[in-house]
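Asks: Take a look at the following structure, please.
The values are calculated or read from the model by the stated rules, or taken from the named source; none is laboratory data. Small disclaimer: the values here were computed from a predicted structure and weren't measured. Cβ sites come from the backbone with ideal geometry, for glycine too, and all protein chains shown count toward neighbours. Just the protein is used for accessible areas: all its heavy atoms, side chains included, with ligands, DNA and RNA removed. Shrake-Rupley method; radii C 1.70, N 1.55, O 1.52, S 1.80 Å.
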Amino acid sequence: MKIAIYYFSGTGNTELVCKKWAEEAKKHHIECDLFKVEDVKEEKIDVSNYDKVGIAYPIHAFNAPRVLWKFTTRIAKLSAKKPAFIIMVSGEYMTLNHSSDYKVARILKRRNLVIESEYHYLMPYNMIFRHTEKRAYEMYKTMLALSELDVKEYLAENKPHKLKEHLSVHFFIWLIRIEQLYAPLYGKMLRIKKKKCIKCMKCVNSCPLNNIKYADGKFKFGWHCTLCARCSFNCPTNAFSCGFLQFWKVNGRYKFKEPEIEEVDKHKRYCKKSYIRYYKEASERLNQIEK
Ligand SMILES: Cc1cc2nc3c(=O)[nH]c(=O)nc-3n(C[C@H](O)[C@H](O)[C@H](O)COP(=O)(O)O)c2cc1C
Ligand code: SF4
Ligand code: SF4
């Protein structure tokens with residue numbers, strides 16, 4: 001079997017999941033090609049050589065990022081139906097988030113790609129607040145274990161997995177697609193604090209939409225931002241000022257290692273029920289294979 005996974009990852013979490021899927025697929029002698037959507041340059045994308053096609057993204061305001069669904073419109077229509085699967089990654093396991101692929105699903109269907117399987121992994125927030133390293137590591141370890149199981153069940157044993165969702169939420173999530181509406185404005189309002197900036201150009205070179213330009217000693221921001229948070233999250237000196245979302249800014253990569261020092265978890269009550277449900281469902285599934 002040969003599969004492709006096309007993914008967008010703002011700050012690396014979705015990429016970690018996709019790499020784990022590719023590694024696990026290999027163990028089952030399944031060829032898995034990974035493509036970052038921003039690196040795919042063809043105007044029309046031919047997926048006819050693959051047996052299954054995966055689409056992976058971080059959830060942004062209960063939706064798939066605009067850059068991702070715009071990418072899916074470039075996939076060439078197939079002459080016959082082909083199975084597809086979705087990998088979503090988010091900071092909270094809310095049922096609302098399970099429907100984030102409704103628009104992508106419609107676009108794929110028109111191209112004869114039918115979603116037969118869906119996965120939702122919890123990974124730490126890159127916006128709103130910073131999870132503690134302990135919680136980030138717990139999410140990471142669970143994602144690795146679940147991915148191993150998911151790849152085995154779905155790709156090796158052909159057992160698809162569907163997420164529970166309520167169709168009634170589609171209208172709600174369509175309504176709050178803030179990213180699509182406000183992302184360009186957010187990008188335009190980004191600023192860099194001169195005193196803090198060390199001119200490493202990491203932000204300029206890594207923006208997936210080339211939205212940040214540097215010329216004559218000045219940074220300029222365009223209207224193409226997809227609100228992925230990559231620039232401000234990875235800035236080594238935390239020099240970004242993020243306009244109306246400054247209060248939600250998260251800066252600095254997670255270590256995904258057992259922390260040496262215990263941090264105070266200021267957000268332990270946040271979405272507590274959905275986290276408990278995620279770990280409960282995960283441990284039930286993982287326990288089943290141990291028996
Ligand atoms: C603009 C924006 C909106 C987000 N909205 C949500 C959301 O609605 N629900 C959620 O659980 N996480 C949300 N997140 C958090 C990300 O989905 C989460 O941190 C994810 O792991 C990031 O993956 P990445 O590193 O591949 O970009 C949002 C992040 C950003 C930047
Ligand atoms: S990543 Fe940060 S320090 Fe580097 S150029 Fe951009 S703003 Fe300046
Ligand atoms: S400007 Fe920053 S947030 Fe916007 S797309 Fe570029 S890297 Fe992402």
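Asks: Taking a quarter of the surface of the Cα convex hull of the stretch 86-171, what do you get in nm²?
Replies: Across all orientations, the stretch 86-171 yields a mean hull projection of 6.6 nm².
Asks: Let me have the relative contact order for the chain, percent, based on Cα pairs under 8 Å that are six or more residues apart.
Replies: Worked out over the chain, it gives 19 percent.
Asks: Restricting to the chain, compute how many DSSP beta bridges are antiparallel as a %, nearest 5.
Replies: 25 percent
Asks: Normalised radius of gyration for the stretch 180-248, please: alpha carbon Rg relative to 2.2 N^0.38 Å, two decimal places.
Replies: The value comes to 1.00.
Asks: Taking all protein chains as present, what is the carbon and sulfur share of the accessible area of the chain, in % to the nearest whole number, probe 1.4 Å?
Replies: Carbon and sulfur atoms account for 55 percent of the accessible area of the chain.
Asks: So which residue, out of Phe247, Phe129, Phe85, gets the largest mean-square fluctuation from a GNM of the chain using Cα contacts under 10 Å as springs?
Replies: Top of the fluctuation ranking is Phe247.
Asks: Here's something else I'd like to know. Give the lysines reachable from Lys159 as a straight Cα distance under 16 Å; neighbours fewer than 8 places away on the same chain don't count.
Replies: Filter leaves Lys52, Lys82.
Asks: Here's a follow-up. Need the full-extension length gain, Lys194 to Leu181, defined as separation in residues times 0.36 nm minus the C-alpha distance. One decimal, nm.
Replies: Contour length minus Cα-Cα distance gives 1.8 nm.
Asks: Can you tell me the accessible area per residue over the stretch 180-248, all protein chains present, probe 1.4 angstrom, in square angstrom?
Replies: 58 Å²
Asks: Starting at 0 and stepping by 10 Å, how many percent of the alpha carbon pairs of the chain end up in each bin?
Replies: Answer for the chain: a P(r) of 6, 27, 35, 24, 8, 1, 0 percent.
Asks: Further question: What distance in nm separates the two pseudo spin-label positions at Lys26 and Lys257, each 7 Å out from Cα along the beta-carbon direction?
Replies: Calculated label separation equals 2.3 nm.
Asks: Could you identify which residue out of Trp69, Trp21, Trp223 has the top mean-square fluctuation in a GNM of the chain using Cα springs shorter than 10 Å?
Replies: Trp223
Asks: Output ³J(HN,Hα) for the stretch 77-90: one whole-Hz value per residue in order, computed from phi by the Karplus curve 6.51 cos²θ - 1.76 cosθ + 1.60 with θ = phi - 60°, and x for Gly and Pro.
Replies: With coefficients 6.51, -1.76 and 1.60, one gets 5, 8, 7, 9, 5, 9, x, 10, 9, 10, 10, 10, 10, 8 Hz.
Asks: Give me the distance in nm between label points sitting 7 Å out from Cα along the Cα-to-Cβ direction at Lys266 and Leu144, one decimal.
Replies: 2.9 nm
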